[in-house]
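These notes are about the structure you will find just below.
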Amino acid sequence: MKKTKMSILVILSFVLLVPFMTPARAQTPDYVSVEVGTYFQWDQTINYGADFVQWFADNMTAHWDKVWGHSAITDAQTITELHDAWTAAGAQPSAGFPANISVIYPEDTTTGITNIGGLGGYLVLNYLSFSSRWTTNWTIAKDTATFVELTGSGFFMTCPNLFLVPGYSYLFAPKDVDWAEYVALANIGLGAGGWNITNAEPEGWGLDITLVEITDGVSMQVPAMGWLNNTLPVTINITYEPMGWLRRYTFEYGTNMLFKVERSVPAIASDPPVVISSDADFSVEWDYTGVILHWTPSDLDPKTYRVLQNGRSVGLPGFWTNGTEIQFAIDDGLAPGVYNFTIQLTDYADRSTYDSIIMTVKAKPAIPGYDTLAILGIFSITAISIIVVMKRKNK
């Protein structure tokens, strides 16, 4: 009987330990802002016709490729090759580039990168049966310096094919890239620190190109005649969301827009709402009245909001407007303590943002309206006075 009980105890102990014996799942690094199951798509527009006339007249594809070497890269294309590849694809945008995320691999802490995998390829938007999909990986850098290295000091901007074709790794940046740092490091990389483009001949090419910080991104700029034979300036802009998703890319020759790439899924207008301003955490007296909280959110496609008090919904949900302040009145008479008021802002793509304000209600004094020590002092003086008077009467 004792052996049977002991066996049962051993089995039960083993069963209870099984959940703790399961290997721990690797935690996704903070700089990675994608989730498994998320579908992304970027659409490419090529402006055929007049916009390309001067580029071809200046033989700029050859001059551009002479330095950047697009033609020597497997699976890459020169500007002309990319132009010609989609001439029969119909109305613009004609090409879509999907990224359907199915796996996030463990971080490579040695190189400071995290690979994500999924179904990539390209879509012929007007003739979907000609599309091609395949499994591939994309790489996310851990910080700005690593992103500069990964993107070749801005090289990835020099042709849309370089960041759109699966296998290249520029659709996703780390969260909150420091674009001033990116520009500073990349400009060094364009010179004697790497490409030898901006340093003088004979060591370098002696060309006039620079990277400039813009809002949420970077601009590559070449003035007229700064690149062998360009009669018009070259301006290439690329921007990312703060969470690291590629937002928009443009390639201009003078005022001619040659290429534009824009994220279509999730649509740019449906990125999570942003709180522009809100109240700081604050304290109130125990008998407070009429306290109102303020939030000013922003989103191109706003929908609804609700407020949570310590995790529970309070008040009625409402609709909000881009850039318009939301006011929320707190009930009077809350007991002394700490209260977390969190607003949930949702847009029509059902993406949400949360922002919290902490209100602390101070404790009620022992006697309302009076200082406890002062009252004790007055009471003591009164008591002593009464005792003195009583003693005088007794004499």
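The values are calculated or read from the model by the stated rules, or taken from the named source; none is laboratory data. The shown structure was predicted, so the numbers you read here are calculated from the model rather than taken from an experiment. Virtual Cβ from ideal backbone geometry, glycine too; neighbours counted across all protein chains shown.
Quick rundown of the values:
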{"item": "Condition met for Thr321 (over 23 Å from Pro174 (Cα atoms), among the polar types (S, T, N, Q), modelled with pLDDT of 95 or more and surrounded by fewer than 17 Cβ atoms within 10 Å (Cβ to Cβ))", "result": "no"}
{"item": "Test: residue in segment 255-273 that is surrounded by 14 or more Cβ atoms within 10 Å (Cβ to Cβ), of a type in the set (Phe, Trp, Tyr), in the same structural domain as Leu123 (by TED's automatic domain parsing) and within 22 Å of Ser33 (Cβ to Cβ)", "result": "no"}
{"item": "Elements of type strands (runs of 3 or more DSSP E) in segment 165-250, at least 1 residues being surrounded by fewer than 21 Cβ atoms within 10 Å (Cβ to Cβ), out of contact with any His (no Cβ under 8 Å at 6 or more places or on another chain) and not polar (S, T, N, Q)", "result": "210-214, 217-222"}
{"item": "Number of the condition not met by Met390 [criteria: (1) in contact with a Lys or Arg (Cβ under 9 Å, 6 or more places away or on another chain); (2) at pLDDT below 95]", "result": "(1)"}
{"item": "Of residues in segment 18-41 being modelled with pLDDT of 50 or more and among the hydrophobic types (A, V, I, L, M, F, W, C), the one farthest from the chain's Cα centre (by Cα)", "result": "Ala26"}
{"item": "Positions within segment 60-83 being polar (S, T, N, Q), closer than 22 Å to Thr231 by Cβ and either in contact with a Lys or Arg (Cβ under 6 Å, 6 or more places away or on another chain) or touching a residue at least 60 places away in the same chain (Cβ under 8 Å) (or both), in sequence order", "result": "Thr78"}
{"item": "Conditions (1) farther than 30 Å from Val265 by Cβ; (2) part of a loop (DSSP other than H, G, I, E, B); number of the one not met by Cys159", "result": "(1)"}
{"item": "Scan of segment 270-294 for residues that are part of a strand (DSSP E or B) and more than 30 Å from Met243 (Cβ to Cβ), ordered by number", "result": "Ser283, Val284, Ile292"}
